[in-house]
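The values are calculated or read from the model by the stated rules, or taken from the named source; none is laboratory data. Computed from a predicted structure; not experimentally measured. Note: ideal-geometry Cβ built from the backbone for every residue, glycine included; neighbour counts use all protein chains shown.
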Amino acid sequence: MSQSPLVVAIDGGAGTGTSTAAEGVSIALDVPHLNTGSMYRAIAWECMRNGIDLLDDAGCTQIAREAELEFDGGTVTKVNGTEVGHALYGEGMGPHASTVSGNRGVRLAMVELQRQIASEQGAVMEGRDIGTNVFPDAPFKFYFTCEPTERVRRVNAGGRHHETIDSLLARDKADEAHAHGTFKQAEDAVEIDTTNLSKAEVIAEIVHIIHTSGAI
């Protein structure tokens, strides 16, 4: 019997280190990386580019179902053939992504695509509802926490320069209130406080847990 592709779910808010960890674990395990947050940012960007109100459920759902997303290193780089560059991480894009991700139709379209991608080659998948909604049966689930001040420092050090504690926590609160794809910790997820850990230490902890399980 062939073994199912490995899925590693990493959830956490902006600045907790999910992207860096997912990239490192992906390399260590030779499993593709997928940044699901970039997918919602891409849909928000494409909706706005087409003049569609982000609260227009039907319009946003149509965009999500028809969008052709291209990835590089697990992050969306093109939407319907158009390069997005750094536009997905410009000021305001975090809240915009949060808005469209609360749309049931958009959420269903993106989750379907995420599952399709992972079913083919496996994935180290990061987001906010991977362990609870996208892959509730994933064999490895991790949930990152981090002190707000450190989260802001990391995000702004990464080149955004517009995040504040209030903006990060407001986005967390909005995503926690979503009726679909609610941002919360899976009951069986391993919680990792990344505040005082280096990137290498976080990656090593996850890889150690997976290796010692005997799964690979």
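Conditions (1) closer than 16 Å to GLY105 by Cα; (2) of a type in the set (S, T, N, Q), marked per residue:
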| site | (1), (2) |
| --- | --- |
| SER26 | no, yes |
| ASN50 | no, yes |
| LEU55 | yes, no |
| GLN62 | yes, yes |
| GLU66 | yes, no |
| GLY73 | no, no |
| GLY81 | no, no |
| LEU88 | no, no |
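For the range 139-158, filtered to residues that are over 16 Å from the mean Cα position of the chain (by Cα) and in a helix (DSSP H, G or I), the residue that is surrounded by the most Cβ atoms within 10 Å (Cβ to Cβ) is VAL152.
Residues considered: LEU69, LEU54, LEU88. Of these, the only one that is farther than 14 Å from GLY37 by Cα, buried (at least 19 other Cβ atoms within 10 Å of the Cβ) and not basic (Lys, Arg) is LEU54.
For the range 172-200, taking the residues that are assigned to a helix (DSSP H, G or I) and hydrophobic (A, V, I, L, M, F, W, C), the one that is farthest from ALA22 (Cα to Cα) is identified as ALA174. Could you list all residues from the range 174-216 that are more than 23 Å from GLY24 (Cβ to Cβ), aliphatic (A, V, I, L, M) and surrounded by 14 or more Cβ atoms within 10 Å (Cβ to Cβ)? ALA174 - this is the single residue of the range 174-216 that is more than 23 Å from GLY24 (Cβ to Cβ), aliphatic (A, V, I, L, M) and surrounded by 14 or more Cβ atoms within 10 Å (Cβ to Cβ). If you go through the range 108-129 and pick out every residue that is buried (at least 22 other Cβ atoms within 10 Å of the Cβ), out of contact with any helix residue (DSSP H, G or I) (no Cβ under 7 Å at 6 or more places or on another chain) and either part of a helix (DSSP H, G or I) or modelled with pLDDT of 95 or more (or both), you end up with 1. Of all residues in the range 59-76, those satisfying the criterion of being within 23 Å of GLN116 (Cβ to Cβ), part of a helix (DSSP H, G or I) and out of contact with any Leu (no Cβ under 7 Å at 6 or more places or on another chain) are THR61, GLN62, ILE63, ALA64, ARG65, GLU66.
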